[in-house]
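So the structure is just underneath, and the comments pick up after that.
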Amino acid sequence: MSWPHVDYDTDLWMQIPHSWEGTPWKGPKEWGRDLSEAWWGDSGLEPTRKDVKLLAATLRSCAERFPLSHPEFDVYLHLPDPRLMPLPVYVASIEADGDRDASLRALVTTDDPALVEKPIVEDFTTESLGTGLRSLRYTQLTEADAGTLVAGVRYAWRHEATDCDVVVIVSAPDPRRVLGAMDDLDDFVRRIGMPGPPAS
């Protein structure tokens, strides 16, 4: 199956490796340490040793935990400032199935009983993927963290040339963090491309 490629801005984003084999890192610990040093080094800020260690530990935790939420997805982290909490963004393609409009609407809304209101769904167009849908949605955690409001953004397109639906999922229990990243998220998805159909 064809897979999305993102020409992302490396000043704002990093990708969590699928596997550590063939990378410069033995695992999440080393990756988190190196990326923390690089992010602080490029920030123009003066971090303390504690600051660098804290971000390294945070990135290590992200690399260990976030891929488990959507195992078949690529995971990118939005981090425009090393003092912020990284925001995970999940990207994948799935085999197209059924009516385009119904499928895309299902992908960006979902029948989630935790939704606190009807999602806001809009058309969203990129040069590479054409016109798809973007939704803004809010859910309420119902277990140990009851009362916490989770903000989410979802994007979906039907890519006819490869017979795939492209899906992007973003969510965090901090609506201000998600809403503050909307411009960067929109720019990120505009950079998603798909390979063309195989030669006949």
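Brief remarks on what is shown
- The listed residue being touching a residue at least 12 places away in the same chain (Cβ under 8 Å) and either outside the structural domain of Tyr76 (by TED's automatic domain parsing) or of a type in the set (A, V, I, L, M) (or both), out of Ala96, Ala106: Ala96
- When Asp74 is tested against (1) surrounded by 13 or more Cβ atoms within 10 Å (Cβ to Cβ); (2) not assigned by TED's automatic domain parsing to the domain that holds Gln15, just one condition goes unmet, and that condition is (2).
- Within the stretch 136-166, being in contact with a helix residue (DSSP H, G or I) (Cβ under 9 Å, 6 or more places away or on another chain) and closer than 24 Å to Leu84 by Cα holds for Leu136, Arg137, Tyr138, Leu149, Val150, Ala151, Gly152, Val153, Arg154, Tyr155.
- Residue within the stretch 61-73 that is basic (Lys, Arg), under 19 Å from the mean Cα position of the chain (by Cα), modelled with pLDDT of 95 or more and closer than 15 Å to Val168 by Cβ present: no
- Every test in (1) crowded, with 18+ Cβ neighbours inside 10 Å; (2) out of contact with any helix residue (DSSP H, G or I) (no Cβ under 7 Å at 6 or more places or on another chain); (3) modelled with pLDDT under 95 is passed by Ile169 save one, and that test is (3).
- Criterion: outside any strand (DSSP E or B), small (Gly, Ala, Ser) and touching a residue at least 24 places away in the same chain (Cβ under 8 Å) - qualifying residue of Ser135, Ser128: Ser128
- Residue check for Leu115: touching an Asp or Glu at 6+ places or on another chain (Cβ under 7 Å), assigned by TED's automatic domain parsing to the domain that holds Ser171 and surrounded by 13 or more Cβ atoms within 10 Å (Cβ to Cβ): no
- Condition check for Thr125: at pLDDT 95 or above, at negative phi, touching a Ser or Thr at 6+ places or on another chain (Cβ under 8 Å) and not charged (D, E, K, R): yes
- Residues in the stretch 46-99 that are in contact with a helix residue (DSSP H, G or I) (Cβ under 8 Å, 6 or more places away or on another chain), farther than 23 Å from Thr10 by Cβ and hydrophobic (A, V, I, L, M, F, W, C): Ala96 only.
- For beta carbons closer than 7 Å, sequence separation of 6+ or different chains, a first residue in the stretch 46-68 that is over 10 Å from Lys29 (Cβ atoms) and a second that is assigned to a helix (DSSP H, G or I) and not acidic (Asp, Glu), the qualifying pairs are Pro47/Trp40; Asp51/Trp40; Val52/Ser36; Val52/Trp40; Leu55/Ser36; Leu55/Trp39; Leu55/Trp40.
- Number of residues in the stretch 35-71 that are surrounded by fewer than 14 Cβ atoms within 10 Å (Cβ to Cβ) and in a helix (DSSP H, G or I): the value is 9.
- Hits in the stretch 122-135 - residues which are farther than 10 Å from Arg190 by Cα and surrounded by 18 or more Cβ atoms within 10 Å (Cβ to Cβ): Gly132, Leu133, Arg134, Ser135
The values are calculated or read from the model by the stated rules, or taken from the named source; none is laboratory data. All values derive from a computational prediction rather than experimental measurement. No Cβ is skipped: glycine too gets one built from the backbone with ideal geometry, and neighbour counts run over all protein chains shown.
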